[in-house]
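S.K.: Right, I'll just put the structure down here and ask away after.
The values are calculated or read from the model by the stated rules, or taken from the named source; none is laboratory data. All of these numbers come straight from a predicted model, not from anything done at the bench. Surface areas here come from the heavy atoms of the whole protein model, side chains and all, with no ligands, DNA or RNA. Shrake-Rupley method; radii C 1.70, N 1.55, O 1.52, S 1.80 Å.
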Amino acid sequence: MNKLLKRLSYPLIFFIRSWHGGTWWSEYSLYRLALDAHGLFAKLHALPTSNVLCRAIWFKGQLPWDSVTAFQDPSCVFSLVQSTTGISPSAVATGVSHQLASPY
């Protein structure tokens, strides 16, 4: 662990040490650590001027998901449709497939 900490940026080291022993991990923290250790974070992530998450559907009351708007927004990197809304995966796939076939 000490070798890894030496290769990471100071803000990330500070963040890890703030965990009071560093005994919990999330998939995001492990992902971020791996990217930072290999110098890949900046190469694989959107610039701060873009909307990393847009047109997100977290709750059933936010349905229907507007895939057209999500795909037409050039600053939109990810759009999320939470499975707990009850929407079927085929409905999401249909919305996505129509947009992928579109020549916009």
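S.K.: Give me, ordered by chain and number, the residues 5 or more places off I57 or on other chains with an amide H under 5 Å from its own placed amide H.
M.R.: Residues meeting the criterion, in which the H sits 1.01 Å from N, are L80, V81, Q82.
S.K.: Can I ask one more? In what sequence, largest accessible area first, do F59, F41 appear using a 1.4 Å probe? Provide the component values of the computation, followed by the final result.
M.R.: Details: F59 140, F41 50 Å².
Sorted descending by solvent-accessible area, the residues read F59, F41.
S.K.: Oh, and also: Tell me, in nm to one decimal, what length is gained between L63 and S75 on full extension, where the rule is 0.36 nm per residue of separation less the Cα-Cα distance? Write out the running numbers ahead of the final one.
M.R.: Working: separation 12, 0.36 × 12 = 4.32 nm, distance 2.17 nm.
Answer, rounded to one decimal: 2.2 nm.
S.K.: Still on this structure, please answer the following. Between K43 and S83, 0.36 nm times their residue separation minus their Cα-Cα distance comes to what? Display every interim value, and only then the final one.
M.R.: On the way: separation 40, 0.36 × 40 = 14.40 nm, distance 2.92 nm.
Computed gain between K43 and S83 is 11.5 nm.
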